[in-house]
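In what follows, a structure is listed as structure tokens, so that the remarks can point back to it.
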Amino acid sequence: MEPASLAGLILLVGIALMIALSVPIAVAIGLSAIFATVALLGFEGATLASSQRMFTGINSFPLLAIPFFVLAGVLMNNGGIAGRLIDAAKVLVGRTPGSLAQTNVVANAMFGAVSGAAVAAAAAVGTVMEPRQRKEGYDRAFSAAVNAASAPAGMLIPPSNTFIVYSLVSSTSIAALFMAGVGPGLVWTAACMLVVLLYVRKHPELRKTDRVQLRQGLVVLWKAVPSLLMIVIVIGGILSGFFTATESAAIAVVYCLVLGFAYRMLKVSELPRMLLDAGRTTAIVMLLVGVSSALSWVMSFARIPELISEGMLGVTDNSTIILIMMMVILLLVGTFMDPTPAILIFTPIFLPIVAEFGISPIHFGTMIVYNLCVGVITPPVGNVLFVSARVAGLRLEPVIAKIVPFLVALIGGLFVVVFVPELSTWLPTQMGLVD
Amino acid sequence: MLALKKFLDRSLAAVCVVLFALLVVIVVWQVFARQVISDPSTWSEEAARYTFVWLGFFASALVFSERGHIAVDFVVRKLPGLVQRVIAVLVQALIIAFALIGLVWGGLRAAQGAWDTNLTALPTQIGVMYLVMPITGVLITVYALYHVVAVLRGAELAVAPTDDAEAI
Amino acid sequence: GGAGTAGGDGGSGTTMRLALNQTEEHPSYTALENFGERFSETTGGRWAIDVFPNETLGAQQEALQLVGDGTVDMAIVSGTQLENLNEDFLVFNLPEVFDSVEHQMSVVHDEKIVGDLYASLEESNGVTVLGGLTQGSRSIYTTSGPVETPADLAGQKLRVQESDLHVAMAEAMGASATPMAFGELYTGLQSGVVDAAENNEVSYFTQKHFEVAPYWSSTNHLVGLDYLVVNTDRLAEMSQEDRAALDAEWTAAHEEHTELWASATEDAIAEAEAGGATFSEVDEEAFSAALEPLADQFIESDTQQTLFDAARAAAE
Ligand code: NA
Ligand code: NA
């Protein structure tokens, strides 16, 4: 067997087998990458090359935004922000039918505008919303499904750690990707609101609306302003040239500290625990980034992306068919893999192919992130789904049944994101972030 | 062995907290130096990057201590208890292989190769920075051995309980 | 060993992997591809060179280490990378040491001047330097308006690479030195995190920096240089005849590269101008005078001084 084919086989079988055996994904990728490199270079060369990649893959200033955004999220969670955002969401959508479920959807989107991850939103917002919805007669599995389905919007709405990872592997501007994520994030939120609307049509008892007095409503909104200001600091800071994306994330940390202390929700003695919390989440991502860097090195070395690209282009040169093929592959991958490792593995393979069709890396970024976000709410592996079920005190099966209509609507949204590039590129283009 | 694990956990946690706090301070200083006192820092970016790498590796070892790295266990959960335990030991063995080959041996090779290569802004060598890999590798090996013993003794479940770990 | 058998060319020779940080559109890629093809032809397929662009085998620092180890056979690395291993290389990284690309190429391929320097990493790091590819004359470009003298740069944040020399150089030219990752520079210039940057015309155009910093001022303060490094053991494996072929083809390669560079520079200027950039001259003497003390400040050893003097002597 040719060394390149052997390396490819080791990667494919090694990663799949080890993941199935419940080996941590990072170790499955790292060990397979090392063994594939051994097949090409022998033991000495392989260990040097792979280890060097693991180190240098993490040694990146733009990547540093991730620990800061994670830390800012932890500080916000402990700083009493979820309650304020939920109250504000209630004011905004209280008049729509099924107002409590709609409030959950919008609160998750707003939470997404201040944090970079989805699990935290699902846990914080779900914990508050589930008991309220139960009291008003909502089906518990449905309200858990609403919460799960709407939380991933935060990974598309800036700031987004997922886009930082993509920006790293695709060499695209973080600022442009952040702006590109706004449209698809709103599509995601709208898809969820639509499903809720259709659901309450069949359940007239849930059509209740919450009318809030104007004056009272303004007070509630005002209270949420300092929290929502975080997105202004981050995006405004980057666009005005006060700081780079990474620096903006560090400033966001400082801002959350100031806010948390001002609200008297943070104690200095609790900071070490929060730093450690954020450190753990960061480490999980960093190890994945490191080993994926070793993986993409050996794939380039064996020229595997070119082989896959030639293979796909050999089947058809119709860009629509190839895009659909990619999206189906990513949806399947997403059912059992988190967005980060999937982005790290598939971007280097797919991006050169879509580039041949003139699709911009920014647009491909929103496609791949939106697509893989669907996976965080699908079984068998879907963290946001799991967390939502758990905070509602439910087993998975009933929630899975209720999430199906959301999946249908969200995949409909994926078509829009894939085939309407302007949805992603318009905003960054208007802001002069892409040509 | 439990005492050793607890000692390592506490020490690592302390180091991670300090490195993370330092990271925030360095980058905030970078903004302050450039935007407020108009004297851009020439060392902060490099310092931040390497602090981050050290934090990432050390915190990663700590997550191995908690069996917290993301894994897909829905297949293994369906298997009989004895098979689960065999697989749990095999998983830890693979983690040890990764730690010893990729982090300890490979890290030492990389450190040796870059031992004389100076950093551009900081007064040390790239090889010294690479030492975080072998150190982390040894820590992960110790933790994995601990888990093997704990699973065999029945002190730990073969499949770690699900937690909220996610790769964001 | 890192070399595989050359399957694609149908021969049974050895394929050497060459790590390059530039894209397939860059003059370096074209010149190196042609270099590989000619070398394969003249050796009757006994050798081939496979160029890996876009940093796929690693950024320059890692690529250099992999060449030393023999995992990769050849790499294009910057002077800064070599300076980190042997400080004598600093001399060719200094501003004002070369007057022009032609002057630079004549110095860095003059065996009498660079012979010892290029062999100096063989024992310690396992790499041999074959020579250099010019990265062109570098100038300053700004967001606000053209620059004539160092005084015009006062208070402007000039992006530099993160090194003592570049920081000192920016400050000597009157600016406020701001190290920043190259990938962040476009957004940095656009948003005003920095006001100015310095580079060659080709990067200025291909990185689209002219869109956000349209004022190019030809300070020509530094002529950039990349080196071709080869694994020393791999070179030793070559027969005398093949080694001679390698050297001959390399000479042809860097000569071709210099021509490609000149036309790429002309094209870049024309296209940037069409895109709204303005190119203006500066008071070169004022900049030279400001930069002159740097050589004294950074040269520390006799070897460095000897190299510097030899390089300057070749200018007259
Ligand atoms: Na977000
Ligand atoms: Na899933």
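The values are calculated or read from the model by the stated rules, or taken from the named source; none is laboratory data. As the structure is a prediction and not an experimental result, all values here were calculated from the model. Here the Cβ is made from the backbone with ideal geometry for all residues, glycine too, and neighbour counts use every protein chain on show. The protein model used for the area step is the full one, side chains on, heavy atoms only, and it has no ligands, DNA or RNA in it. Shrake-Rupley method; radii C 1.70, N 1.55, O 1.52, S 1.80 Å.
Report the accessible surface area buried between chains A and C, summing both sides, using a 1.4 Å probe on protein heavy atoms only, in Å² rounded to the nearest 100.
1900 Å²
For chain B, list the DSSP H helices whose alpha carbon atoms reach 30 Å or more along the long axis and whose average Kyte-Doolittle value is 0.0 or above?
Flagged H segments are B:2-31, B:44-65, B:132-153.
Please work out whether chain A counts as rounded, prolate or oblate from its C-alpha gyration tensor, where a ≥ b ≥ c are the square roots of the eigenvalues and a/c under 1.5 means rounded, while otherwise a/b larger than b/c means prolate and anything else oblate?
prolate
Between the range A:205-255 and the range C:31-98, how many Å separate their Cα centres?
50 Å
Semi-axes of the range A:222-313's equivalent ellipsoid from the Cα gyration tensor, sqrt of 5 times each eigenvalue, largest first, rounded to whole Å?
Details: eigenvalues 312, 77, 23 Å².
After diagonalising the Cα gyration tensor, the semi-axes are 39, 20, 11 Å.
Which percent of Cα-Cα pairs in the range C:178-269 sits in each 10 Å bin, short to long?
13, 33, 24, 18, 11, 2
Among B:Lys6/B:Lys78; A:Lys223/A:Lys267; A:Lys135/A:Lys202; A:Lys267/B:Lys5; A:Lys90/A:Lys402, which pairs are too far apart, with a Cα-Cα distance over 27 Å?
Those over the limit are B:Lys6/B:Lys78; A:Lys267/B:Lys5.
Taking +1 at the Cβ of each Lys and Arg and -1 at the Cβ of each Asp and Glu, which of C:Gln60, C:Ser163, B:Val91 sits farthest along the dipole of the protein assembly as shown towards its positive end, judged by Cα position relative to the Cα centre?
Toward the positive end, the furthest listed residue is B:Val91.
How many Cβ atoms of partner chains, on average, are near each residue of B:35-41 if near means within 10 Å of its Cβ?
Working: counts 6, 0, 0, 3, 3, 13, 2.
For peptide B:35-41, the averaged partner shielding equals 4.
Do any residues of the range A:242-256 show a loss of at least 50 square angstrom of accessible area between the isolated chain and the full protein assembly, using a 1.4 Å probe, and if so which?
With the partner chains in place, the range A:242-256 has these residues losing at least 50 Å²: A:Phe242, A:Thr244, A:Glu247.
Taking the DSSP beta bridges in the protein assembly as shown as the whole, what percent of them are antiparallel, to the nearest 5?
Values: 24 of 42 bridges.
Of all bridge pairs located within the protein assembly as shown, approximately 55 percent are antiparallel.
Only counting protein heavy atoms at a 1.4 Å probe, give the residues of the range C:153-181, ordered by number, whose accessible area falls by 40 Å² or more when the other protein chains are present relative to the chain alone.
Residues passing the criterion (a loss of at least 40 Å², heavy atoms only) are C:Lys157, C:Glu162, C:Pro179.
What are the membrane-span-like helices in chain C by this rule: whole DSSP H runs, Cα extent along the axis at least 20 Å, mean Kyte-Doolittle hydropathy at least -1.0?
Correct list, ordered by number: C:27-42, C:240-274.
Return the Cα extents of the range C:16-117 along principal axes one, two and three, sorted largest first, each rounded to a whole Å.
The Cα atoms of the range C:16-117 stretch 40, 29, 28 Å along the principal axes, largest first.
Between the range A:120-186 and the range C:133-209, how far is it from one alpha carbon centroid to the other, in angstrom?
39 Å
Using a ≥ b ≥ c from the Cα gyration tensor of the range A:292-415 (square roots of the eigenvalues), is it rounded, prolate or oblate, where a/c under 1.5 gives rounded and otherwise the larger of a/b and b/c decides, a/b for prolate? Don't skip to the end; give the middle numbers.
Numbers: a/c = 2.79, a/b = 1.81, b/c = 1.55.
It comes out prolate by the Cα gyration axes.
How would the range A:1-59 be classified by its alpha-carbon gyration tensor: rounded, prolate or oblate, with rounded meaning a/c under 1.5 and the a/b versus b/c comparison settling the rest? Let's see the in-between values first.
Numbers: a/c = 2.40, a/b = 1.05, b/c = 2.28.
Verdict is oblate for the range A:1-59.
Before anything else, pin down the relative contact order of chain C: Cα pairs under 8 Å, at least 6 apart, normalised by residue count, whole percent.
Numbers: 590 pairs, mean separation 73.6, N = 316.
Relative contact order comes out at 23 percent.
Between A:Leu12 and C:Ser124, what is the label-point separation in nm under the 7 Å Cα-to-beta-carbon projection?
4.7 nm
Binned at 5 Å from 0, what are the whole-percent values of the Cα-Cα distance distribution for the range A:142-213, short to long?
Percent of pairs per bin, in order: 3, 15, 18, 17, 14, 12, 8, 6, 4, 2, 0.
Just tell me which lysines come within less than 24 Å, Cα to Cα, of C:Lys208; anything on the same chain fewer than 8 places away is out.
C:Lys157
Note down, for the range A:34-176, the three equivalent ellipsoid semi-axes (square root of 5 times each alpha carbon gyration tensor eigenvalue), biggest first, whole angstrom.
Each semi-axis is √(5λ); the values are 41, 16, 12 Å.
If only Cα atoms are counted, what is the Rg of chain C, and what is its Dmax, in Å?
Rg then Dmax for chain C, in Å: 19.9, 62.
Whenever you get a sec, compute what percent of the accessible area on chain A sits on carbon and sulfur atoms (1.4 Å probe).
That fraction is 67 percent.
Skip the ligands, DNA and RNA, and give the accessible area per residue of the range B:2-167 with a 1.4 Å probe, whole Å².
Result: 41 Å² of accessible area for each residue.
How big is the charge dipole of the protein assembly as shown about its Cα centre, in debye rounded to the nearest 20, if each Lys and Arg gets +1 on its Cβ and each Asp and Glu gets -1 on its Cβ?
For this selection, approximately 8120 debye.
How many partner chain Cβ atoms sit within 10 Å of a residue's Cβ in peptide A:381-389, on average, as a whole number?
Mean partner shielding for this stretch: 3.
Solvent-accessible area per residue for chain C at a 1.4 Å probe radius, Å²?
38 Å²
Using only alpha carbon positions, build the gyration tensor of the range A:84-162, then give the equivalent ellipsoid semi-axes as the square roots of 5 times its eigenvalues, largest first, whole angstrom.
Details: eigenvalues 84, 35, 17 Å².
So the three semi-axes of the range A:84-162 are 20, 13, 9 Å.
Between B:Thr124, B:Val138, B:Phe52, whose Cα lies farthest towards the positive end of the dipole of the range B:47-139 when Lys and Arg beta carbons carry +1 and Asp and Glu beta carbons carry -1, centred on the Cα centre?
The residue sitting most towards the positive pole is B:Val138.
Percent of Cα-Cα pairs per 10 Å bin, from 0 to the last occupied bin, for the protein assembly as shown, please list those.
Per 10 Å bin, starting at 0, the Cα pair percentages come out as 2, 12, 21, 25, 21, 12, 6, 2, 0, 0.
Which value, in debye to the nearest 20, describes the size of the charge dipole of chain A about its Cα centre when Lys and Arg Cβ atoms bear +1, Asp and Glu Cβ atoms bear -1, and nothing else is charged?
Charge dipole, chain A, about its Cα centre: 1980 debye, nearest 20.
Normalising by the residue count of chain A, find the relative contact order in percent from Cα pairs under 8 Å and 6+ residues apart.
25 percent
Let me know the mean shielding of A:173-184 by other chains, meaning the per-residue number of their Cβ atoms within 10 Å of its Cβ.
Average per residue, whole number: 1.
Accessible area per residue for the range A:1-59 in Å², computed with a 1.4 Å probe and the full protein assembly in place, what is it?
Numbers: 1810 Å² over 59 residues.
Ligands and nucleic acids excluded, the figure is 31 Å² per residue.
Given the -39500 (n - 2.57) contribution per DSSP H run of 4+ residues, what per-residue ellipticity at 222 nm results for chain C, rounded to the nearest 500 deg cm²/dmol?
Rounded to the nearest 500, it is -13500 deg cm²/dmol.
Percentage of Cα-Cα pair distances in chain B greater than 25 Å, rounded to whole percent?
Looking at chain B, the distances longer than 25 Å represent 44 percent of pairs.
Using helices alone, I'd like the mean residue ellipticity at 222 nm for chain A: each DSSP H run of four-plus residues gives -39500 (n - 2.57), total over residue count, nearest 500.
Calculated at 222 nm, the ellipticity per residue is -26000 deg cm²/dmol.
How about the range C:216-316: which chymotrypsin sites (Phe, Trp or Tyr not before Pro) there lie in a loop by DSSP and see at most 14 other Cβ atoms within 10 Å?
none
Interface size between chain B and chain C, please: total buried accessible area, 1.4 Å probe, rounded to the nearest 100 Å². Write out the running numbers ahead of the final one.
On the way: alone 10580 and 13720 Å², together 22700 Å².
Protein heavy atoms only, the B-C interface buries about 1600 Å².
For the pair A and B, how large is the buried accessible area, both sides, in square angstrom to the nearest 100, if the probe is 1.4 Å? It would help to have the intermediate numbers written out before the result.
Working: alone 18650 and 10580 Å², together 23380 Å².
The A and B chains share an interface burying roughly 5900 Å².
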